[in-house]
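Notes to accompany the following structure.
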């Protein structure tokens, strides 16, 4: 079952209409790159080859064998290199797409510059009736190919970076769940298609956790525990950093202190790499976009958050007491808090989708809003803030099973009124389970609104 990626598929189809085309597709492991490619090429002639972690010669032999298996070559032919192989394929004058998946594996035993130079030559000499797609999961190495110093810089007619499915699209994997439960499933499992297809939409969140991520032998558990291995560029302290971040947002000095690291700048370098790989996200409040002291870091992947919040340091307990007892004693007491943090991010994503769809004209930014009250000697951060230039729309997100009451809303409004010099364009509330009643002058968004397609 292929779900989502309509825009990406259309862009790929548009570029593939032309011959002599080179395309690059990358994204983290299991995000759906291969599925998108094969779905797009389903009615076209293509050759798909997934590289092995070996030498160029080993891969050349393996790809030649695949060409023989699919009938493109009549028999095994010994080619000196990939240039000669592509020259032969061009001489056949057959229109086809050549997909080379896990391209960075070619660099396992060969210098990256050499591999990229070979494919630069192949592309620059012209592909004629061929189309070439280079695909990879090693995000750091694929990004390097887009830098000006790379031999392949500027060689691709299309570059696609695949991210997780947005929360609305991801919910199609469990479409019959209640909105409240959809939010919980997304908070734990995120939007990676490989993970979502392993869920049973007829089971509860608890049952799906026990069957998948809490089962050490299940593919979802293996994926969560080994996700970091999929990129050679991961810093050595990544797991420790992830363990410290867990489900929260922490500032630089707090992370440095919790890790016990020397103040020598190494943490900054490691966080920079993790941010470039989009595993860690650096956030500045939208009203302090350049204030480094107010910046915070958080994990960018929901399943990774769940794994490092509950499982990473408790693996021995999981093995000793079993998945069901582990859920009941370690996860369940704080699960609502965990989901609530992710609900805030889901709400920000809701406004981002609205902006991309043209429903928020004039918006400048979406994020959190920080204020420091020197009189009351306290500070606070609003979960969701929309910037309209010189004013803000502020929203409070509530992941509660009951409809939000007016008393609860009035308490939040009272706290907002205490803020001095705050230019609020609009004050709103987002409640997963809706509202008991509504008063004018406030924006109300329900869970059903969040999932309205």
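Checking the structure you have, find out if any residue of region 412-426 is in a strand (DSSP E or B) and either modelled with pLDDT of 95 or more or under 27 Å from residue 188 (Cα atoms) (or both). No, the conditions are met nowhere in region 412-426. The single residue among 409, 384 that is outside any loop (DSSP other than H, G, I, E, B), free of Cβ contacts under 8 Å to residues at least 60 places away in the same chain, in contact with a helix residue (DSSP H, G or I) (Cβ under 9 Å, 6 or more places away or on another chain) and surrounded by 13 or more Cβ atoms within 10 Å (Cβ to Cβ) turns out to be 384.
Return the only residue of 18, 75, 65, 35 being exposed (fewer than 15 other Cβ atoms within 10 Å of the Cβ) and either assigned to a helix (DSSP H, G or I) or not assigned by TED's automatic domain parsing to the domain that holds residue 99 (or both). Give the derivation first.
Details: 18 fails: either assigned to a helix (DSSP H, G or I) or not assigned by TED's automatic domain parsing to the domain that holds residue 99 (or both); 75 fails: either assigned to a helix (DSSP H, G or I) or not assigned by TED's automatic domain parsing to the domain that holds residue 99 (or both); 35 fails: exposed (fewer than 15 other Cβ atoms within 10 Å of the Cβ).
Going through 18, 75, 65, 35 in turn, just one is exposed (fewer than 15 other Cβ atoms within 10 Å of the Cβ) and either assigned to a helix (DSSP H, G or I) or not assigned by TED's automatic domain parsing to the domain that holds residue 99 (or both): 65.
To keep it simple, each residue is scored yes or no on (1) touching a helix residue (DSSP H, G or I) at 6+ places or on another chain (Cβ under 7 Å); (2) under 27 Å from residue 233 (Cβ atoms); (3) free of Cβ contacts under 8 Å to residues at least 12 places away in the same chain.
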position: 10; (1), (2), (3): no, no, yes
position: 55; (1), (2), (3): no, yes, no
position: 60; (1), (2), (3): yes, yes, no
position: 72; (1), (2), (3): no, no, no
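Take residue 389 and tell me if it is exposed (fewer than 15 other Cβ atoms within 10 Å of the Cβ), over 28 Å from residue 451 (Cβ atoms), modelled with pLDDT of 85 or more and out of contact with any helix residue (DSSP H, G or I) (no Cβ under 7 Å at 6 or more places or on another chain). Yes: the conditions hold for residue 389.
Check whether at least one residue in region 266-273 is surrounded by 15 or more Cβ atoms within 10 Å (Cβ to Cβ), farther than 29 Å from residue 183 by Cα, at pLDDT 90 or above and out of contact with any strand residue (DSSP E or B) (no Cβ under 6 Å at 6 or more places or on another chain), and report yes or no. Looking through region 266-273, at least one residue is surrounded by 15 or more Cβ atoms within 10 Å (Cβ to Cβ), farther than 29 Å from residue 183 by Cα, at pLDDT 90 or above and out of contact with any strand residue (DSSP E or B) (no Cβ under 6 Å at 6 or more places or on another chain). Among the residues making up region 93-138, those that are part of a helix (DSSP H, G or I), surrounded by 15 or more Cβ atoms within 10 Å (Cβ to Cβ) and in contact with a helix residue (DSSP H, G or I) (Cβ under 8 Å, 6 or more places away or on another chain) are 103, 104, 105, 106, 107, 112, 115, 118, 119, 122.
Quick grid of which residues meet (1) touching a residue at least 12 places away in the same chain (Cβ under 8 Å); (2) under 20 Å from residue 384 (Cβ atoms):
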site	(1), (2)
327	yes, no
338	yes, yes
351	yes, yes
359	no, yes
370	yes, yes
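Kindly indicate whether any position in region 325-334 is modelled with pLDDT of 95 or more, assigned by TED's automatic domain parsing to the domain that holds residue 282, within 25 Å of the chain's Cα centre (by Cα) and buried (at least 18 other Cβ atoms within 10 Å of the Cβ). So far as region 325-334 goes, yes, one or more of its residues are modelled with pLDDT of 95 or more, assigned by TED's automatic domain parsing to the domain that holds residue 282, within 25 Å of the chain's Cα centre (by Cα) and buried (at least 18 other Cβ atoms within 10 Å of the Cβ).
The values are calculated or read from the model by the stated rules, or taken from the named source; none is laboratory data. Bear in mind that the values here come from a model prediction, so they are computed numbers and not experimental data. Ideal geometry is used to build each Cβ from the backbone, glycine not excepted, and the neighbour counts take in all protein chains shown.
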